[in-house]
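Structure record follows, encoded as structure tokens.
The values are calculated or read from the model by the stated rules, or taken from the named source; none is laboratory data. Predicted model, so just to flag it, every value in this text is computed and none were measured. We place every Cβ from the backbone using ideal geometry, glycine too, and count neighbours over all the protein chains shown. Heavy atoms of the whole protein, side chains included, go into the accessibility calculation; ligands, DNA and RNA do not. Shrake-Rupley method; radii C 1.70, N 1.55, O 1.52, S 1.80 Å.
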There are 2 protein chains.
Amino acid sequence: MSDETTSEKLTELAKRRGYFFQSSGAYGGVGGFYTFGPQGAALKGNLEDAWRERFALGEGNMEIDAPTIMPEPVFEASGHLAGFDDMLIECPECGTSTRADHLVEDNTDYEDAESLPIPEVEAVVAEYELACPECGAGLAGVAIEEFNLMFATSIGPGDSQPGYLRPETAQGIFVEFPRLKEYARNTLPFGVTQIGRAYRNEISPRRSIIRTREFTQAELELFVDPADDDPDLSAVADVPLTLYPASEQGADGSHLETTVGEAVADEVITDPWIAYFLGVSRTWYERVGVDMDRFRYRQHLAGERAHYAADCWDAESEIDGNWIEIAGFAHRGDYDLSKHGEHADERFTVFQQYDEPRTVERAVVDPEMSYLGPTFGGDAGAVVAALEELAETDPEAFDAETVTVAVGDDDHEIPVEQTGFALEEQTEAGEHVTPHVVEPSFGVDRTLYTVLHHAYSEDEVDGEERTYLALEPTVAPTFVGVFPLQRDDDLETEANTIAATLRERGLSVTYDSAGNIGRRYRRQDEVGTPFCVTVDYESLEDEAVTVRERDSTAQKRLPISDLAETFTALRSGSLSFDELEG
Amino acid sequence: MSDETTSEKLTELAKRRGYFFQSSGAYGGVGGFYTFGPQGAALKGNLEDAWRERFALGEGNMEIDAPTIMPEPVFEASGHLAGFDDMLIECPECGTSTRADHLVEDNTDYEDAESLPIPEVEAVVAEYELACPECGAGLAGVAIEEFNLMFATSIGPGDSQPGYLRPETAQGIFVEFPRLKEYARNTLPFGVTQIGRAYRNEISPRRSIIRTREFTQAELELFVDPADDDPDLSAVADVPLTLYPASEQGADGSHLETTVGEAVADEVITDPWIAYFLGVSRTWYERVGVDMDRFRYRQHLAGERAHYAADCWDAESEIDGNWIEIAGFAHRGDYDLSKHGEHADERFTVFQQYDEPRTVERAVVDPEMSYLGPTFGGDAGAVVAALEELAETDPEAFDAETVTVAVGDDDHEIPVEQTGFALEEQTEAGEHVTPHVVEPSFGVDRTLYTVLHHAYSEDEVDGEERTYLALEPTVAPTFVGVFPLQRDDDLETEANTIAATLRERGLSVTYDSAGNIGRRYRRQDEVGTPFCVTVDYESLEDEAVTVRERDSTAQKRLPISDLAETFTALRSGSLSFDELEG
């Protein structure tokens, strides 16, 4: 077999067999944009359906579908406008733009250059005399700039509004929280999912469909009551996990083989919701064909986490010796909803009714306006507001003879007896709670790439080298190939009838009558089609066909009348080819 | 019942029940962007699946999934950069931008102002003294500008490339034709579909989700051999059609009730592929719930057609007395592939092998260089090229004593005997053919809107007004509601078990135990849920439940053990509620 990496061979196969290829190739292509061909689009659809089944329907969550263009105020609130940047260094000689943190990581021992401040990265570039990867010109002394990764556009003509292509599907959920909570009848916890495009104007897109500028995310935002919404872990307690905790990520760190239940008991995973989703998704990844020997959950290092994330773990898959992130599991706290609550005109809270009304003590003021009016004139209203705020935030300030409040640049001192300060008992039915957000966020393209890469196989059959994709029958884009043994009206009629019957059952069928049967098998092997059916002359007599399994190349003779039911069971995973008699 | 239009009532219901609502409402909203809530996203998904089943899988076409951002050269070739414009008039007083053609159509007798040249529209605005619809300021004399409807962005940092959000999914297919034809093994006809987002920066988005700035298309590009790929019309010949041909679109025009077969025989529809897809889609629209009494196909008027379109028909649905376009069926000729072939670096043709090699006569030249060299010096090469072109395009020019060719500004006269002109017989195995394109293009959002609007119903039940959506069971976002009669552990356990069983069969189930049973029915009526199951105390004895049908409110008692199979049949349409015993 050749010296190429599996990734290189996969890229070639993906193009030839219709999985994916760089877009607009006839115009020279543009970095970071890929088109999914017929097999790729079908595999992607199957993965999305499997995700939807598990994380939306299976968890009782709501799925929504929001626009990809959103107006600027959304990203002012979310923080993306100010902070969704990469470090850009532009070569003064050839003009090539490079990510400064990648340049540092690729050429020094620094491992997490993204978390360093810009002056420090500039210092490292100078110290190591790093050079432009394109032309070799020295970059020491070149200023590094923040480059915002959002694609910008304008909405409407005239005094147009700035808009951005969403960098994550999540914002389309957060921004609609005031409406979504109504659909959930104001009851926590509830979850909202979205599968859709997201966009990041990467400085240097690379590694095929791993780092692209337009990609598909499958995200779940679970809104939980910070006080008491803990998950039931019993269903996932025994799921095995391969963990790479932050504490192990030093020089000689190693993976920790454990289970969800143990990891929570040992406090390796501190948040039970995160633990729950690691368990659920581990089972899901295995089901769709990720190799569990090449899969782990890695905890974010403290410096790597978003400042609002209490804890964060990535699902990672191994691709040609490198670990790549394919999903993130973050406890985002109340960051998102609080931010939108501050910036927008609606409430981003849920009113949580108490089991029974509670009596609480509130500090209130009732200022003597006949004193404040003459004393403060036009400022009197502002003084009242300041007193109300002070009573709420620091009632003990009223323990003295006078209190001092600031209005504009002036400090005003007011005798407490003029403020009408009092502690009152109030009855409250409940309270406005800002839910916390637990977010499992999946990269669909990276999952697809992992599934293909882990399925890529080579062996020798009848003395010939063979390439095949060992895709799981549940997600394989083409489920069965139906062939007449050779071009013959009777064989073709029978084969076409079988194909039509299987299609009616919702199976993805390819019909092929071209070339010798071995070549047709090889073609389906490369596509990853789990089963092939061959109609031969005997079939016309005994109403049976040869069914061949892709990985083993084993063949069994099955009655035509059983095919639809057998294949439906093989597709759902309730039956395996080994169990079949024939 | 109220004076509101159905559209107004639908918009309110859509928001309340989770079908759709304007996006980013917490930030004041932005015109032309809508979010599909849980019911809307599910209905949209069901419509997309139904379309895929019929137009991709059902026709044996390939589905692809391309990026929404495409580089500028694609749109230079497609003509969108130069010509995808609307007429914009900006009020000098208040700055409001308005579509000038809409302003004219709304306030004069002009019906198709979009097809008029700008100076003429400016003259109409002046003549009728049209005013700004926002502030009433006169617009006579205000210049009308072309406004390009593509959303622009830039790709990458530094010397960035211009990119645009695709205005139609079609370009993502056309631009990849050189690769897609390989997947089709270079055999015509073949079809490629795509379901995805498209974007148009409308000057004045309006009418809910009818005219938005971001929307979903389902497009099929069928590549046919212009010489001999005609469809088999037998399967659709008897499909009834309501047509509104161009010839009828005068003052007293009327609809023509016919069939696909008759319309082709009578040459009302001239292109058989268009006729085929009108028949296929008519059946499809009926299946997903479009009211066939409020549906027609309208032929484009000559002035309305794109210049390359040989014939074009729109599917239109009636919404509150207005006809709106919900799909277009165009024969685009070789326009798209020829344009990309001219602009791009690859061939946008298919090599069509002849049944047997053909002998053709070719005019060739073999100029005498010992004459041309001395005579034309540095121009000799250009003269040879000009002679070769002339022989190919106008061999009869060589019938005279001399031929004349132009090189730069000079005409050169050459004795034919020095050109080596001859007619040669050549054998050719086939030829490079630029396929023609037949395009059925569906607006998914508008289809969804039509389905909801035509399903919107009001009646009176038990003396109370009732609103319900009479959605087809095959596409209804929620298929069945399962209710315990009241809050009771035994009833709830049984109801939950039933819900879980039905979910396992892939049915969309909602579980509701809140409020009285009548209110729960009303809620599902408004959502359009076709069936409800109520578990009562008798159920615990007789293992049967009450099943209620939405439109008739009729109830039948069915064994719990039959539910999964019965509902699966009701969902697929193979069984109707009336046929059920119980």
- Message: I'd like the accessible area for A:Y521, computed on protein heavy atoms only with a 1.4 Å probe and all protein chains in place. Round to 10 Å², please.
- Response: 20 Å²
- Task: Calculate the dipole size of chain B relative to its Cα centre from +1 charges on Lys and Arg beta carbons and -1 charges on Asp and Glu beta carbons; express the result in debye to the nearest 20.
- Result: 3240 debye
- For chain B, the convex hull over Cα atoms projects on average to an area in nm² of 38.3 nm²
- Note on the structure: In Å², rounded to a whole number, the accessible area per residue of the stretch A:356-433 with probe 1.4 Å is 64 Å²
- Note on the structure: Per principal axis, largest first, the Cα atoms of the stretch B:356-433 extend in Å by 45, 24, 20
- Query: By DSSP, what percent of the beta bridges with both residues in the stretch B:478-579 are antiparallel, rounded to the nearest 5?
  - Reply: 55 percent
- In peptide A:68-75, how many Cβ atoms from other protein chains are near each Cβ within 10 Å, on average? 5
- How big is the Rg/Rh ratio for the stretch B:194-255, C-alpha atoms only, Rh by Kirkwood, two decimals? 1.11
- Report, for B:G250, each distance to the same residue's label point in the other copies, shortest first and in nm; define the point 7 Å along Cα→Cβ. 9.3
- Note on the structure: Inter-copy distances for B:E396, nm, shortest first, label points 7 Å along Cα→Cβ, are 10.8
- Item | As computed over the protein assembly as shown, the Cα convex hull volume per residue (Å³) | 280 Å³
- Query: Roughly speaking, what is the centre-to-centre gap between the stretch A:74-129 and the stretch B:225-261 when only Cα atoms are used, to the nearest Å?
  - Reply: 62 Å
- Cα Rg, Dmax, the stretch A:37-184, angstrom units: 21.0, 59
- How much accessible surface area, in Å² rounded to 10, belongs to the heavy atoms of A:S7 with a 1.4 Å probe? 20 Å²
- Mean projection area, nm², convex hull over Cα of the stretch B:161-314: 12.3 nm²
- 222 nm mean residue ellipticity, helices alone, for chain B (DSSP H n ≥ 4; -39,500 (n - 2.57); rounded to 500): -8500 deg cm²/dmol
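Rg/Rh for the stretch A:85-148 to two decimals, with Rh computed the Kirkwood way over all alpha-carbon pairs.
On the way: Rg = 10.3 Å, Rh = 11.3 Å.
Rg/Rh: 0.91.
Of B:H432, B:H255, B:H453, which has the most accessible area and how do the rest follow, probe 1.4 Å?
Ranked list, largest accessible area first: B:H432, B:H255, B:H453.
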- Could you calculate the contour length gain from B:E464 to B:R362, that is, 0.36 nm times the residue separation minus the distance between their Cα atoms, to one decimal place in nm? 28.4 nm
- Query: Rounded to the nearest 10 Å², what accessible area does A:E439 show when all protein chains are kept and the probe is 1.4 Å?
  - Reply: 10 Å²
- Dipole of the protein assembly as shown, positive direction: furthest Cα of A:M70, B:G191, A:V433, with charges on the beta-carbon: B:G191
- Per residue, how much accessible area does the stretch A:478-579 show when a 1.4 Å probe rolls over the protein heavy atoms, in square angstrom? 44 Å²
- Net charge dipole size for the stretch B:166-285 [Lys, Arg +1 and Asp, Glu -1 on Cβ; Debye, nearest 20]: 1040 debye
- Other chains' Cβ within 10 Å of A:174-181 residues: what's the mean? 4
- Note on the structure: Output for the stretch A:334-371: GluC sites (Glu not before Pro) sitting in coil per DSSP, at most 16 other Cβ within 10 Å, listed by number, reads A:E346, A:E368
- Item | Under 26 Å from the Cα of A:K9 - lysines, other chains or at least 8 residues apart | A:K44, B:K181
- Residues of the stretch B:189-229 that bury at least 20 Å² of accessible area, probe 1.4 Å, when all protein chains are present rather than the chain alone, are B:R197, B:Y199, B:N201, B:R213, B:E214
- For the protein assembly as shown, give the share of DSSP beta bridges that are antiparallel, in percent and rounded to the nearest 5; count only bridges with both residues there. 90 percent
- Dipole moment magnitude, nearest 20 debye, the stretch A:478-579 about Cα centre, only Lys, Arg, Asp, Glu C-beta charged: 540 debye
- Note on the structure: For the stretch A:478-579, whose charge dipole is built from +1 on Lys and Arg Cβ atoms and -1 on Asp and Glu Cβ atoms, the candidate among A:V545, A:V482, A:P530 with its Cα farthest towards the positive end is A:P530
- Query: For the pair B and A, how large is the buried accessible area, both sides, in square angstrom to the nearest 100, if the probe is 1.4 Å?
  - Reply: 5400 Å²
- Message: Loop-only chymotrypsin sites (Phe, Trp or Tyr not before Pro) in the stretch B:1-47, please: DSSP not H, G, I, E or B, and at most 13 other Cβ atoms within 10 Å.
- Response: none
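Restricting attention to the stretch B:116-213, which GluC sites (Glu not before Pro) occupy a DSSP loop and are surrounded by at most 11 other Cβ atoms within 10 Å?
The qualifying sites are B:E129.
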- Contact order normalised by residue count of the stretch A:184-260, Cα under 8 Å, 6+ apart, percent: 26 percent
- Just name one of A:G253, A:L241, A:G289: the one whose Cα is farthest towards the positive end of the charge dipole of the stretch A:234-325 (beta-carbon charges, Lys/Arg +1, Asp/Glu -1). A:G289
- Message: Heavy atoms only, 1.4 Å probe, whole protein assembly: order A:D462, A:D320, A:D366 by accessible area, highest first.
- Response: A:D462, A:D366, A:D320
- Message: In Å², and per residue, what accessible area does the stretch B:85-179 have when probed at 1.4 Å with the other protein chains present?
- Response: 43 Å²
- Overall Cα dimensions of the stretch B:393-544 - principal axes, largest extent first, Å: 107, 36, 23
- Note on the structure: Here the membrane-span-like helices of chain A, with no claim about any membrane, defined by DSSP H, Cα axial extent at least 18 Å and mean Kyte-Doolittle at least -1.0, are A:38-51, A:272-288, A:380-393, A:489-504
- Heavy-atom accessible area of the stretch A:371-469 with neighbours in place, 1.4 angstrom probe: carbon+sulfur share in percent works out to 39 percent
- Looking at chain B, send over the antiparallel percent of its DSSP beta bridges, to the nearest 5. 90 percent
- Note on the structure: For B:D271, B:D238, the accessible-area ranking with a 1.4 Å probe, largest leading, is B:D238, B:D271
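Averaged over its residues, how many other protein chain Cβ atoms are within 10 Å of peptide A:36-46's Cβ atoms?
5
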- Tell me, what % of the accessible area of the stretch B:85-148 is carbon and sulfur with a 1.4 angstrom probe? 42 percent
- Query: What percent do you get for the relative contact order of chain A when only Cα pairs under 8 Å and 6+ apart count?
  - Reply: 12 percent
